[in-house]
Every structure is written in structure tokens, then in C-alpha cells.
1. Quick one: would you say Ser66 is surrounded by 10 or more Cβ atoms within 10 Å (Cβ to Cβ) and small (Gly, Ala, Ser)?
2. Within the group Leu44, Leu6, Leu26, which residue is of a type in the set (A, V, I, L, M, F, W, C), surrounded by 10 or more Cβ atoms within 10 Å (Cβ to Cβ) and modelled with pLDDT of 95 or more?
3. Going through the range 76-95 one residue at a time, which ones are among the hydroxyl-bearing types (Ser, Thr, Tyr) and modelled with pLDDT of 85 or more?
4. Listed residues Leu54, Leu33; which is free of Cβ contacts under 8 Å to residues at least 12 places away in the same chain, of a type in the set (A, V, I, L, M, F, W, C) and exposed (fewer than 10 other Cβ atoms within 10 Å of the Cβ)?
Amino acid sequence: MADLNLILSVLLSLFGIILLIVLIILALRMIRLVDRADKFFDNLEAKVNSLDGLFLVMNRFSEGLSTITENLVFSIVNSVARVFSRNHKKEDNHE
């Protein structure tokens, strides 16, 4: 019985040591994986930041084009409204 207790305690200690070594190896691999992921996301962030300038230029261009288009449409609508208002005034004067 004492021999069995000794054998089981030795086996338990041995499995504990093996488990500890396996957990240390897994922790080191996870640290490497997190480092690689961090480098990847830093690289991705740098690429996205480099595109911010392009998007800013595109935004300014579209705002300028929108302003020009709005002014052009406003001018055309006012011109058409003036033509029709003159026609209505002439028709009112003839009657």
C-alpha cells in the first residue's frame, strides 16, 4: 500500500511537471502569435493612414464639384423662373 502511494505521488508529480512544461511552451507560442498579430495590425494601420490623405482629397474634390453643380442648377432654375414670370406678366398685361 505504501509502495502504491509512493508510485502514484511520483506519477502525479511527473504529470504535473509535464503539464507545466506544456503550458509554458503554449504560453511562449501565444506570446509570439500576439506579437505577430500586433505587427500585422500596425502595418495595416499605417496603410490605412496613408490612404487618409487620398480620401481627404477626394472629399474636397466632391464637395467643390457639388458646390459648383448646385450653383449651376440654381442659376438655370432662376433663369427659367424669370422667363416664365415674364411670360405671365405679359399675358396679364394683354388681358
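The values are calculated or read from the model by the stated rules, or taken from the named source; none is laboratory data. Since this is a predicted model, take the numbers as computed values, not measurements. Neighbour counts run over all protein chains shown; Cβ positions are idealised from the backbone, glycine included.
1. On the way: surrounded by 10 or more Cβ atoms within 10 Å (Cβ to Cβ): yes; small (Gly, Ala, Ser): yes.
Answer is yes for this residue.
2. Working: Leu44 fails: modelled with pLDDT of 95 or more; Leu6 fails: modelled with pLDDT of 95 or more.
Residue meeting the stated conditions: Leu26.
3. If we filter the range 76-95 for residues that are among the hydroxyl-bearing types (Ser, Thr, Tyr), which is where we start, we get 79, 85.
The answer is Ser79, and nothing else.
4. Details: Leu33 fails: exposed (fewer than 10 other Cβ atoms within 10 Å of the Cβ).
Result: Leu54 is the single residue among Leu54, Leu33 that is free of Cβ contacts under 8 Å to residues at least 12 places away in the same chain, of a type in the set (A, V, I, L, M, F, W, C) and exposed (fewer than 10 other Cβ atoms within 10 Å of the Cβ).
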